[in-house]
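Structure record follows, encoded as structure tokens.
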Amino acid sequence: MKFTRRQFLKGTAVVLGMPTIIPASALGMNGTVAPSNRIVLGGIGIGPRGREDLSAFLKQPDVQFVMIADVQSVRQEVVRVMVNRRYNNQDCAKTREMFDVLGRPDIDAVLIATGDHWHALATILSVKAGKDVYCEKPCSMTIRESQELADAVNRYGRVFQAGTQRRNVDNFRFAAELARSGRLGKIHTVHASILPLEESHEWLTGEPEPGVDKVDWDRWLGPSPWRPYHRDYVQGRWRGYYDFHGGAALPEWGAHTVDLCQWAASADNTTPVEFEAEGQTIHARYANGVKLVMRLAGFKGEGNWVVPGTCPVRFEGDEGWVEAADTGKIAVSSPRLLEGGAPKESAGTDPTEHVREFLDCVKSRAKPAANADVTRRGHIVSHAASIGWRLGRKVQFDPVTESFVNDADANRMCSRARRAPWHV
Amino acid sequence: MIASRFLVSSLVVIALAGCTTPPRNPVSTAALAVLASEAGLHEKARACQELGVFGGPESVAALAKLLDHEVLADYARSGLEGITDPSAGKALRQALGTVEGRNLAGVVNSLGVRRERAALPELQALALDPKRGVSAEAMASLGMIGSVEAMKTLQQILKGDSASQRVSAAHAALVAAERLAQSRNLAAARDLLNEVIHAIPAGHLTAVAQRQLDSLKAGSK
């Protein structure tokens, strides 16, 4: 129906003449947030880990989640039910097509929790559509994708937070601050736990595709090269396969632990200049001489970490050391380092504070802790380390050009072709 | 390590093949042998990926043959994108005249990734011809190349009638403007951004262009 100016004015006059009854909730009273202050959120590819993020978003009173896009109908429905239960209504829309989410002008931001091979491209398409992005980690498959993601976020002026929530978990933050503040003395070595390095090029024996209404296999593959369908991939068991899991699994934990080491070493704006693998341990060195050691995770007791738990990190200075892990615990070389208050114990997997920081930044337009620039460099470090491991020799890296020095083989491992027609 | 694993299998293949000339790269030689054999899709797919890292000009012809293959075309491009020798770019450029549909889109994308200036005439024609179905991809590649010639085509599309074409051109123009600014061609970058602002209704994209323009002005002071 088309309104004329006359009809519009006539209607307005009638409305102005009537008593005004506006629900308190719409004005932001009764503990609710007025619609004008709400952040309208959509989701792209939300499985088990994504639902942990989504739970954190749904706890926030100023978030309204309105639409889920997922190539698997079962996952669409699980999210739709979860959201509608939270809001006690039937309003959450679902779709297979992520462009339905990106095309909605009322959606301010998106939560991306697809498989890793989609993270960078989905982020880039989202910022091109004018959305702010919270994206699960690892955010890139290659060094080039790390660059493309950050370039796009900066180009389009959007707020981006990687799902590296440990930057906002107390014991990790406390440990990093001990290192950054000089209380450990001059930092000389930072340690990041990683998972066992592996890279499979196998294809599982193909199964009949379930049909696009159940699982859109072509869209699930997205920018990754084609291979026959198998349910394992879409049910979360895609990790370890080269085409879906970048950096030989190093960025899987490295997105967290290497990132924390970068932060602790005050190296968010640079990378190491040298990487050398020794079995499953990778030694890196920054230009200022600080060493970064990437070694096996401590959750099964490997690596002699003091603090058990997943994602342990250790920062060593010439006057002391600190170690933190997902148990929420912290260990220090001297009790005096805890003077002034030890951090409260909180699990490293809870993204609530990280999500809250993202939402605050969506409103303020400030850069969050895990913004695109720190994510770019942290991920590049993980990818560069894995390339050194793949080549089985020492590689030199230039943090300014973000490329390997005099090493054509290594530089050719910095990118992968995207399956057509996907492009950035 | 993986590289040494590559090496062992490669040497076996070379020995079996009775190769008499010293191989430029054993991994490449082994992968080429796979592509020339009756091996299955999986093995050939992996061979293409290996050539993307270890292949040289000797690999180009074998990869180029696969650019219209239903499955292996994307793998072949992963090989050709990685080969720095100009012959890889030339092969992709030649494929523009022979492949169609999704594979054509892929070739156009790869030329953009490689920033193949020699392909400018073909990319410009594809960008201006929506009937070929790859104009958005061609515009994106022109943006990545980011030369003055590429800019002129984007400007032409920005002045055109199609709103959707103008939006695609605007996204490409934002990238091209960055490239032009990096090469110190600030005047051209400014012209392009102004064109975006005039071509697109006020909103997210024009705000991005205006911010980029403001930062160029600030940088030139």
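The values are calculated or read from the model by the stated rules, or taken from the named source; none is laboratory data. In this text the structure is predicted, and so the values were computed from the model without any measurement. Positions of Cβ are generated from backbone atoms using ideal geometry, with glycine treated the same way; all protein chains shown enter the neighbour counts. With ligands, DNA and RNA removed, areas are computed over all heavy atoms of the protein, side chains included. Shrake-Rupley method; radii C 1.70, N 1.55, O 1.52, S 1.80 Å.
Give me D for region A:372-424 in µm² s⁻¹, whole number, from Stokes-Einstein with Rh from the Kirkwood sum over alpha-carbon pairs, 4 °C and 1.567 mPa s.
D, rounded to a whole number, is 107 µm²/s.
Report, to two decimal places, the Cα Rg of region A:35-88 normalised by 2.2 N^0.38 Å (N = number of residues). Please list the in-between numbers first.
Values: Rg = 10.7 Å, N = 54, 2.2 N^0.38 = 10.0 Å.
Compactness ratio reported: 1.07.
If packing is taken as the mean number of other Cβ atoms within 10 Å per residue, what is the order of B:191-202, A:211-222, highest first?
Highest-to-lowest ranking by the protection proxy: B:191-202, A:211-222.
Percent of Cα-Cα pairs more than 18 Å apart in region A:189-234, please.
Percent of Cα pairs beyond 18 Å in region A:189-234: 45.
Using +1 on the beta carbon of Lys and Arg, -1 on that of Asp and Glu, and nothing else charged, what's the dipole of region A:87-186 about the Cα centre, debye to 20? Don't jump to the answer; show the numbers that get you there.
Values: 15 positive and 13 negative charges, 105 e Å.
The calculated dipole for region A:87-186 is roughly 500 debye.
If I take every Cα pair under 8 Å that is 6 or more residues apart in region A:29-123, average their sequence separation and divide by the length, what percent do I get for the relative contact order? Present the calculation step by step, with values, prior to reporting the outcome.
Working: 146 pairs, mean separation 35.5, N = 95.
The normalised contact order for region A:29-123 reaches 37 percent.
Which residue, A:402, A:276, A:339, has the most motion in a Gaussian network model of chain A that connects Cα atoms within less than 10 Å?
Comparing A:402, A:276, A:339 in the GNM, the peak value goes to A:339.
Determine the calculated [θ] at 222 nm for chain A from helices alone, applying -39500 (n - 2.57) to every DSSP H run no shorter than 4 residues and normalising by the residue count; nearest 500 deg cm²/dmol.
That comes out to -10500 deg cm²/dmol.
Which residues belonging to region A:379-424 lose at least 50 Å² of 1.4 Å-probe accessible area when the assembly is complete, relative to their chain isolated?
A:390, A:412, A:417, A:420, A:421, A:423
Label residue B:214 and residue A:336 with points 7 Å out from Cα along Cα→Cβ: what is the distance between them in nm?
About 5.0 nm separates the two model spin labels.
What distance in nm lies between label points placed 7 Å from Cα along the C-beta direction at residue B:149 and residue A:188?
A separation of 5.7 nm, rounded to one decimal place.
Compute the Rg to Rh ratio over region B:77-136 from the alpha carbon atoms, using the Kirkwood formula for Rh, and round to two decimal places.
My calculation of the ratio gives 0.93.
Could you give the length gained by full extension between residue A:318 and residue A:55, i.e. 0.36 nm per residue of separation minus their alpha carbon distance, to one decimal place?
Here the segment from residue A:318 to residue A:55 would lengthen by 90.5 nm.
In Å³ and rounded to a whole number, note down the convex hull volume per residue for the Cα atoms of region B:11-170.
Expressed per residue, the convex hull around the Cα atoms of region B:11-170 is 100 Å³.
Say each of residue A:406 and residue A:344 gets a label point 7 Å from the Cα, pointing the same way as Cα to Cβ; how far apart are those two points in nm?
5.5
May I ask for the accessible area buried between chains A and B, both sides summed, probe 1.4 Å, to the nearest 100 Å²? Don't jump to the answer; show the numbers that get you there.
Working: alone 18620 and 11450 Å², together 26950 Å².
About 3100 Å² of accessible surface is lost on pairing.
Could you name the lysines in cross-link range of residue A:214, using Cα to Cα under 19 Å and dropping any fewer than eight places away on the same chain?
A:94
Determine the shielding of peptide B:74-82 by partner chains: average, over its residues, the number of Cβ atoms on other chains within 10 angstrom of each Cβ.
If you average over the peptide's residues, the count of other-chain Cβ atoms is 5.
Convex hull over the Cα atoms of region A:174-297, averaged projected area in nm²?
The number I arrive at for region A:174-297 is 9.9 nm².
For the protein assembly as shown, which whole-number percentage of the solvent-accessible area (1.4 Å probe, protein heavy atoms only) is attributable to carbon and sulfur atoms?
Carbon and sulfur: 54 percent of the exposed surface of the protein assembly as shown.
Which whole number gives the average, over all residues in B:45-56, of C-beta atoms from other chains lying within 10 Å of the residue C-beta?
The shielding value for this peptide is 3.
Taking the 0 to 90 degree range and rounding to the nearest ten, how far is the long axis of helix A:372-391 tilted relative to the main principal axis of chain A, both from C-alpha atoms?
The helix A:372-391 is inclined about 40 degrees to chain A.
Using only the alpha-carbon atoms, how far is helix A:170-180 inclined from the longest principal axis of chain A? Give it as 0 to 90 degrees, nearest 10.
Relative to chain A, helix A:170-180 is tipped by roughly 50 degrees.
Full-extension gain between residue A:40 and residue A:393, please, as 0.36 nm times their residue separation minus the C-alpha to C-alpha distance.
On the way: separation 353, 0.36 × 353 = 127.08 nm, distance 4.84 nm.
Once the chain is fully extended between residue A:40 and residue A:393, it gains 122.2 nm.
Just want to confirm a number: the relative contact order over chain B, from Cα pairs under 8 angstrom separated by 6+ residues, in percent.
That works out to 10 percent.
Give me the inter-chain shielding for A:211-221: mean count of other chain Cβ atoms within 10 Å, whole number please.
So the per-residue partner count for this stretch is 0.
Which shape class, rounded, prolate or oblate, goes with region A:248-349 when its Cα gyration tensor gives a ≥ b ≥ c as root eigenvalues, a/c under 1.5 marks rounded, and past that a/b bigger than b/c marks prolate? All intermediate terms of the calculation are to be shown ahead of the outcome.
Numbers: a/c = 1.79, a/b = 1.29, b/c = 1.39.
Note, shape of region A:248-349 comes out oblate.
In Å, the Kirkwood hydrodynamic radius of region B:99-221 over pairs of distinct alpha carbons? Intermediate values should be presented prior to the final figure.
Details: mean 1/r = 0.0707 Å⁻¹.
Hydrodynamic radius (Kirkwood, Cα pairs) of region B:99-221 is 14.1 Å.
So how compact is the protein assembly as shown: Cα radius of gyration and Dmax in angstrom?
Every Cα atom of the protein assembly as shown included, Rg and Dmax give 26.0, 96 Å.
Normalised by the residues of region A:221-315, what does the relative contact order come to in percent, with Cα pairs under 8 Å and at least six apart?
17
Say the cut-off is 28 Å between C-alpha atoms; which of A:59/A:137; A:137/B:90; B:152/B:217; A:329/A:394 go over it?
A:137/B:90; A:329/A:394
Angle between the Cα long axis of helix A:48-58 and the longest principal axis of chain A, 0 to 90 degrees, nearest 10?
The angle comes out near 60 degrees.
Using a probe radius of 1.4 Å on heavy atoms only, what accessible surface per residue do you get for region A:214-271? Whole Å² is fine.
27
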